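Taking it in order: structure first as structure tokens, then the write-up.
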Amino acid sequence: MSVFALIDGNSFYCSAERAFAPELRGLPLVVLSNNDGCAIARTAEAKALGIKMGEPWHLALRRPACKQVEWRSSNYPLYGDMSRRMYEVLAARVPQVEPYSIDEMFLDLTGLPDLENFCRRLRDDVRRLTKIPTCVGIGPTKTIAKLANRIAKDEFALRGVCDLRAPATRATCYAQSPLRMVWGIGGKTAEKLNKLGITSIADFVRLAPEQVRELLTATGARVQAELRGQSCIPLTLMPPPRQAIAVTRSFGRLVTSWGELREAVAAFATRAAEKLRADGLQAGHLSVFAHTNPHNGDDWYSASRAAQIEPTADTLALITEAVRLLRAIWRPNFRYFKAGIMLGDFAPARQQSGLFSTRDAVKSARAMAALDAVNARFGSGTLRPAATGMIKTWAGRQARHSPRYTTRAEEMLIAKAF
Amino acid sequence: MNYNGGNTTGFASPAGDNLEGRIDLAAMLDLSRPSRYPVRVAGDALASRGIFAGDILIADAASPPAHGKVAVVMLNGAVLVGQLAYRQQQWWLASGHPDTAPIAVTGDDAEIWAVVTGLIRTQV
């Protein structure tokens, strides 16, 4: 029988902040989205104060209880590196690890003895080496492991590990748990089934598979089979190939001038091109959008424009194309709130120029390699096209950005000699 | 061109078959290990241990604490580096100053965060 586990970091971003900042331990803490807009990670203490996931922070601050909450701007360089550390600690102890998201890893534990103690040791090791507290769910399928993980998090008495391998344990759990707790059952699906009187996981598992297929298509049938203990979703050890690269941001301050909007979109194109080259791809399709704020009473304006382009991974070429499209949708007298670019139609990057190409592919590849090498060595953004602006007036607010402790030499953790 | 000591244009380099990579300090210090963190020292209290302000310590959270080792300790909301001592069945952080009393590393807000395994000084 297969055995899967899902291990995930508790309030991962907050825990990464706390790893290096002992003064934050035990306090309510939230991490805010890009632009310091919404709460995207909350410690248990912050949840206890009623702060909701995705809650706009300026609204939360109106509640007196939230004034005492510590908050940080999101520090993705740190979270990414801590996720890498968590993965490596696991990969050294478990035969196969799938990094499912920045804070969740699926493990294949098939054939390992004394699983509960093994998982407790895993938790201790991750905690000791990366300072991230975790929970582990164990089950015969990924869907069950994910559910077990959720229960491990909710039930304090389980001390961070929940094992749902035994059918009897599962039966009790299924009878008590609402269907919407299941991975792969969205809110709408749960609602639809609730109307038919199917509210608990047990109700759902009891249905005839043909009926589930009829109600929810093959995807729903797969979820049911997984909940019944038949493993249908194997570990994925390679990330799926990219279908699209999107770089979008809401602005820290509303953007009104053409120059600022152009700089922002040029910066997005620069970042998208970096991602493209990191994957060894070139893009043949590009789209650009911009819109005003739908919530602040401004006149609504939203536009996008897309085009097939001569396939490239060249930052300057992509900026040129993006700015050309942006010019077509630009209207003055609006206050732009958000913009973005999307690349698609990928192919492996080629270094030869095509018969009809207008660009020198060899020269471009060399220039881009040099650009990427400088930025890899001296930090991203060290060398960048002037079109992206020298002063990023449009850049998001990041009022409380913690140091990038593990990725920047000048921002290392500082310890006071005693 | 990217000349590496071997790819000469005229005479073949006698070193061509014996080229080696350069000394890689990051690899020597094993900085890519998931348990290793670089930590910058503030203050000269550990001068007696040869550790000065501005030094970069390699702190390894996987290295077991031991009496006499230098460690990074999180204590009452502060990040400290000092010498570990094990006495009366518990850990203490001893100061580099003879007249500063050691403090007990106990309580909810106390953690031996990582043991120092190496030191880098970029300016001597």
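Estimate the FRET efficiency between A:N117 and A:R180 by the formula 1/(1 + (r/R0)^6), using the beta-carbon distance for r and 25 Å for R0, to the nearest 0.05. Step by step, r from the Cβ atoms, then E = 0.20. Within 10 Å of the Cβ of each residue in A:23-30, the mean number of Cβ atoms contributed by other protein chains is 2.
Taking the number of Cβ atoms within 10 Å of each Cβ as an exposure proxy, the fewest-first ranking of B:M74, B:M1, A:M1 is B:M1, A:M1, B:M74.
May I ask you to sort A:D8, A:D81 by Cβ crowding, counting other Cβ atoms within 10 Å and putting the fewest first? It would help to have the intermediate numbers written out before the result.
Numbers: A:D8 23, A:D81 18.
Listing A:D8, A:D81 from fewest to most nearby Cβ atoms yields A:D81, A:D8.
The Cα center of the stretch A:212-267 and the Cα center of the stretch A:44-107 differ in position by 19 Å. Only Cα pairs within less than 10 Å get springs; with that Gaussian network setup on chain B, which residue of B:D99, B:D60, B:D17 has the largest fluctuation? Result: B:D17 has the largest fluctuation of those listed. The amide H of A:L413, built 1.01 Å from its N in the peptide plane, has B:R40 as neighbours under 5 Å, considering only residues 5 or more places off or on other chains. Can you classify the stretch A:12-78 as rounded, prolate or oblate using the Cα gyration tensor, where a ≥ b ≥ c are the square roots of its eigenvalues, rounded means a/c under 1.5, and otherwise it's prolate if a/b beats b/c and oblate if not? Oblate, since a/c reaches 1.5 and b/c is not below a/b.
Determine the shielding of peptide A:183-192 by partner chains: average, over its residues, the number of Cβ atoms on other chains within 10 angstrom of each Cβ.
0
Spatial offset of the stretch A:130-178 relative to the stretch B:60-121 amounts to 36 Å, using the alpha carbon center of each.
In the structure shown, the pairs A:K142/A:K275; A:K67/A:K275; A:K52/A:K192 are assessed against 28 Å; a Cα-Cα span above that value is assigned to A:K142/A:K275; A:K67/A:K275. Amide H contacts under 5 Å for A:V136: A:V161, A:C162, restricted to partners 5 or more places along the chain or on a different chain, H placed in the peptide plane at 1.01 Å from N. Rounded to the nearest 10 degrees, the inclination of helix A:76-91 to the longest alpha-carbon principal axis of chain A is 40 degrees. In this structure, the amide hydrogen of B:L119, modeled 1.01 Å from its nitrogen in the peptide plane, lies closer than 5 angstrom to those of B:I58, counting only residues at least 5 positions away or on a different chain. Counting only DSSP H runs of at least 4 residues, each contributing -39500 (n - 2.57), and dividing by the residue count of the protein assembly as shown, the helix-based mean residue ellipticity at 222 nm comes to -9500 deg cm²/dmol.
For chain A, the dipole from Cβ point charges (+1 on Lys and Arg, -1 on Asp and Glu) about the Cα centre works out to 660 debye, to the nearest 20. Other residues with beta-carbon under 11 Å from the beta-carbon of B:G6 carry, at +1 per Lys or Arg and -1 per Asp or Glu, a net charge of -2. Among A:R253, A:R62, A:R271, the largest mean-square fluctuation in a Gaussian network model of chain A (Cα springs under 10 Å) belongs to A:R62.
Determine the shape class of the protein assembly as shown: with a ≥ b ≥ c the square roots of the Cα gyration tensor eigenvalues, call it rounded for a/c under 1.5, and otherwise prolate if a/b is greater than b/c, oblate otherwise. In terms of gyration-tensor shape, rounded.
Hey, can you rank A:16-29, A:292-305 by average C-beta count inside 10 Å, highest first? Spell out each step's value before the answer.
Details: A:16-29: 20.5, A:292-305: 12.6.
Highest to lowest by the protection proxy: A:16-29, A:292-305.
Give the residue from A:S304, A:L286, A:H58 lying farthest towards the positive end of the charge dipole for chain A; charges sit on Cβ (+1 for Lys and Arg, -1 for Asp and Glu) and the dipole is referred to the Cα centre. So the residue furthest toward the plus end is A:H58.
Other residues with beta-carbon under 15 Å from the beta-carbon of A:D298 carry, at +1 per Lys or Arg and -1 per Asp or Glu, a net charge of +3. In percent, how large is the relative contact order of the stretch A:258-315, given Cα pairs closer than 8 Å and 6 or more residues apart? It comes to 37 percent, rounded to a whole number. Take each residue in A:406-414, count the other chain C-beta atoms within 10 Å of its C-beta, and the mean is 4.
No value in this document is a laboratory result; all are computed from the given coordinates. Values in this document were obtained by computation on a predicted structure and should not be read as measured data. For neighbour counting, all protein chains shown are included, and Cβ atoms are generated from backbone atoms with ideal geometry for every residue, glycine included.
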